[in-house]
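All remarks here apply to the structure that follows.
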Amino acid sequence: MKREKTDILIIGTGASGAASAWNLSKLNLKITCLEQGPLIDKKKYSFNSVNREITKFKDFNIDPNQRKLDSDYPINTVNSPISIANYNAVGGSTLISSGHYPRFHPSDFNTKKIDNIGSNWLFNYYDLEKYYNLNDKMVGVSGLTGDPAYPKINNLLPPLDIGYSGNLLAKAFNKLGWHWWPSYSAVKKSKKFKKGIRPTAVEVYLNKAVKNGVIIKPNCRVLKIKMSPKNIATGVIYSDKNNKKIFLEASIILLSASAIGTPRILFNSSSKKFPKGLGNSSGQLGKNLMLHPLGFVEGHFDKFLAANEGAEGCALYSHEFYKTKKKRGFKRGYIIQLLKSPGPIESFHYLKKFNKIKFGKYFFKDLFNYYGCTIPLAIICEDVPDKNNYVKLDHKNKDSSGMPGVKVNYKLSKNTKKMLSHGINQCKKLFKKTGAKNVVAFGPVRKTGWHLVGTAKMGTSKKNSVVNKFGQCHDVKNLFIIDSSIFPSSSGVNIASTVQAVSLMISDHIKKNLTKFINK
Amino acid sequence: MSLKLNKYLLMKNNLKLILNTMIPGDDYMPCFTKAVKVEAIIKKLKKNKFLNDLKKKQINLNEKENWDNCVKILGSDILEVYFTSNSVIKSLNLRKKNYLRNVKKENMIKLLEKVKYTKKIFRK
């Protein structure tokens, strides 16, 4: 087998891998990133709203089981009401993310202590704050300072327009006296894209890391992490684009393949010493998968609201129901997000499903009764860790390299079901105040598993967790997990900002303690 | 005029008729062939038997079977091409401007000031 050597190896180049690659790139060390997906031309993923409507059903489909690209691996979700969304390429899922960039609440780090549910983190919001600030600066986050739901967040870019639909909704929130705030969005403006583009991990971190000497190897899938008899990770075996196996020796390994891909690699790295999977002395690997179950409520209006325009992910949000209130009958809570309504092509397909549109004489009449006239709201529920929600290897379904896929076993808890139902009722109440002619609601929505959390939780010892507070594997001291698999709780907000802040914090820790890990 | 060219023109005209029946246009929106050159669809369907049939005769769109067949073959292609064409994007923008001409938006900051947050205690 061919052998290669690097000092630091980063597995995965998505949100977390990219942030650490940049943060470590100024060290005088050889840093290599292995990415199972290809390097994609920026023009292809810098989609404006027009071609996004088309690509989201094709090569940029969020569902790997539908995309079925060589870079994807099968994810069996037969035993889950929510399917998994991801993207495998240089830049990872940030290539298809909507750019909604809120931070976790301070309370999200202490749910066990505050509400006796879930698990506490080993650090808090304020430990992470400087990394949130750094990441916001790097990404370019727009928003408005002063949200009473958060500690003060400064240096934001001007907030995005909430649009006509946002205006209508804001008035309804005001009538009910409910919290709302313009959203935090990662949108950068350029000469070419006047309305702004979503900055992906490629533009924000990877291009800068490459300039500093980081090597990125696309189409290279890590199959196994190899170990020495002294429980030190010696490197990985990866498969290149020609399916050739190569051993890459490394002094430090950072694993950032998402809460599905990370346990997959660790399970596939099992050995006599680690029969249940690498780093799995606790038996916690793969468990506590959290997915942010989503409820969908859509108000239909008699008038055109241009609701198909505006922020890609979220124009405004409400944290009115975020904290626990006993009388609601569930613990923790959810956020309400104003989404963008679909464009003309997606509107057509939606209407066609319900036989409400046909080509011909009434084509536009039918289309314009829906297009731009609906306000979609998402209820994003905080998911709590449960050992019965887990991922394991699926030996029946293998990827293009012959590596087993992943099987997801996931159920909604009673707490989440109550939360979802409460959210749907509150949104209906909200739409009553807006004058919507009718409201459609359902949940959980199947294709919404894009916030993947848990599966390699952090904790104080190898009896109850996979990693310590710095993502360092209890069983393997030179192996760090830097993605959202280490999160002990999920919060109720988009995870991207926290994923990158945590990654920056861990890589800072590695920088400060480098001599402990690098064999000189 | 050669027979081949004649057939091509017949097919093109028949296809135009079908496309404009499927997407006929309205006060703001152009009919299909005003927005998209019919050649773009011919190119997409290059080897499809459907085009050969159009070289022979006009299709009676009043017959359900014929209509369903046209929708099946052309449906998704024409949607994509039509709604991504520049003239349709312009028409949608014009339509938007006209519809929103008299709709007033309230200032976001003023709207935010109207919420009585003092009653709320958010967990920090």
- For residue A:346, work out the one condition from (1) within 14 Å of chain B (Cβ to nearest Cβ); (2) part of a loop (DSSP other than H, G, I, E, B); (3) charged (D, E, K, R) it doesn't fulfil. (2)
- Item | Answer from B:17, B:54, B:5 - the residue that is part of a helix (DSSP H, G or I) and within 14 Å of chain A (Cβ to nearest Cβ) | B:17
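For region B:20-51, name all the residues that are assigned to a helix (DSSP H, G or I) and either of a type in the set (Lys, Arg) or free of Cβ contacts under 8 Å to residues at least 40 places away in the same chain (or both).
Residues of region B:20-51 that are assigned to a helix (DSSP H, G or I), as a first pass: B:20-22, B:32-35, B:38-44, B:49-51.
Answer for region B:20-51, where residues must be assigned to a helix (DSSP H, G or I) and either of a type in the set (Lys, Arg) or free of Cβ contacts under 8 Å to residues at least 40 places away in the same chain (or both): B:20, B:33, B:34, B:38, B:39, B:42, B:43, B:44, B:49, B:50.
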- Close pairs from region A:141-161: first within 9 Å of another protein chain (Cβ to nearest Cβ), partner among the polar types (S, T, N, Q), Cβ under 6 Å, at least 6 apart: A:159/A:142
- Message: Six or more apart or on different chains, Cβ atoms under 7 Å: show the pairs whose first residue is in region A:357-370 and closer than 21 Å to residue B:64 by Cα and whose second is among the hydroxyl-bearing types (Ser, Thr, Tyr).
- Response: A:360/B:21
- Query: Within the bounds of region A:304-327, is there any residue that is touching a His at 6+ places or on another chain (Cβ under 7 Å), more than 14 Å from chain B (Cβ to nearest Cβ) and modelled with pLDDT under 95?
  - Reply: yes
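Every residue, every condition in (1) over 30 Å from residue A:324 (Cβ atoms); (2) within 14 Å of chain B (Cβ to nearest Cβ); (3) among the acidic types (Asp, Glu), yes or no:
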residue: A:82; (1), (2), (3): no, no, no
residue: A:139; (1), (2), (3): yes, no, no
residue: A:166; (1), (2), (3): no, yes, no
residue: A:169; (1), (2), (3): no, yes, no
residue: A:180; (1), (2), (3): no, yes, no
- If you go through region B:21-59, how many residues are farther than 23 Å from residue B:5 by Cβ and either out of contact with any helix residue (DSSP H, G or I) (no Cβ under 9 Å at 6 or more places or on another chain) or among the hydrophobic types (A, V, I, L, M, F, W, C) (or both)? 6
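Does region A:135-154 hold any residues that are buried (at least 17 other Cβ atoms within 10 Å of the Cβ) and either more than 23 Å from residue A:458 (Cα to Cα) or at pLDDT below 90 (or both), and which are they?
In the first step, residues of region A:135-154 are kept if they are buried (at least 17 other Cβ atoms within 10 Å of the Cβ); the result is A:135-136, A:138-144, A:147, A:149-150, A:153.
Within region A:135-154, A:136, A:138, A:139, A:140, A:141, A:142, A:143, A:144, A:147, A:149, A:150, A:153 qualify.
Looking at A:377, A:316, A:339, A:351 in this structure, which one is aliphatic (A, V, I, L, M) and more than 26 Å from the chain's Cα centre (by Cα)? Please lay out each step first, then the result.
Details: A:377 fails: more than 26 Å from the chain's Cα centre (by Cα); A:316 fails: more than 26 Å from the chain's Cα centre (by Cα); A:339 fails: more than 26 Å from the chain's Cα centre (by Cα).
Answer to the selection: A:351.
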- Message: Could you tell me how many of the residues in region A:265-281 are surrounded by fewer than 23 Cβ atoms within 10 Å (Cβ to Cβ) and part of a loop (DSSP other than H, G, I, E, B)?
- Response: 8
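Could we say that residue A:120 is more than 14 Å from chain B (Cβ to nearest Cβ) and farther than 30 Å from residue B:101 by Cβ here?
Answer is yes for this residue.
For region A:249-264, what are the residues that are over 21 Å from residue A:404 (Cβ atoms) and surrounded by 18 or more Cβ atoms within 10 Å (Cβ to Cβ)?
Scanning region A:249-264 gives A:250, A:251, A:252, A:254.
Looking only at region A:354-366, filter to residues that are among the charged types (D, E, K, R), part of a loop (DSSP other than H, G, I, E, B) and facing chain B (nearest Cβ under 10 Å); which one of those is nearest to the chain's Cα centre (by Cα)?
Of the residues in region A:354-366, the ones among the charged types (D, E, K, R) are A:356, A:358, A:361, A:365-366.
Those left that are additionally part of a loop (DSSP other than H, G, I, E, B): A:356, A:358, A:361.
Subset that is facing chain B (nearest Cβ under 10 Å): A:358, A:361.
Working: A:358: 37, A:361: 43 Å.
Within region A:354-366, the match that is nearest to the chain's Cα centre (by Cα) is A:358.
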- When residues of region A:461-520 are limited to those that are part of a loop (DSSP other than H, G, I, E, B) and basic (Lys, Arg), the one farthest from the chain's Cα centre (by Cα): A:520
- Task: Say whether the condition of being touching a Leu at 6+ places or on another chain (Cβ under 9 Å), β-branched (Val, Ile, Thr) and at pLDDT 90 or above is met by at least one residue in region A:74-83.
- Result: yes
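The values are calculated or read from the model by the stated rules, or taken from the named source; none is laboratory data. The shown structure was predicted, so the numbers you read here are calculated from the model rather than taken from an experiment. Cβ: placed from backbone, ideal geometry, glycine included. Neighbour counts: every protein chain shown.
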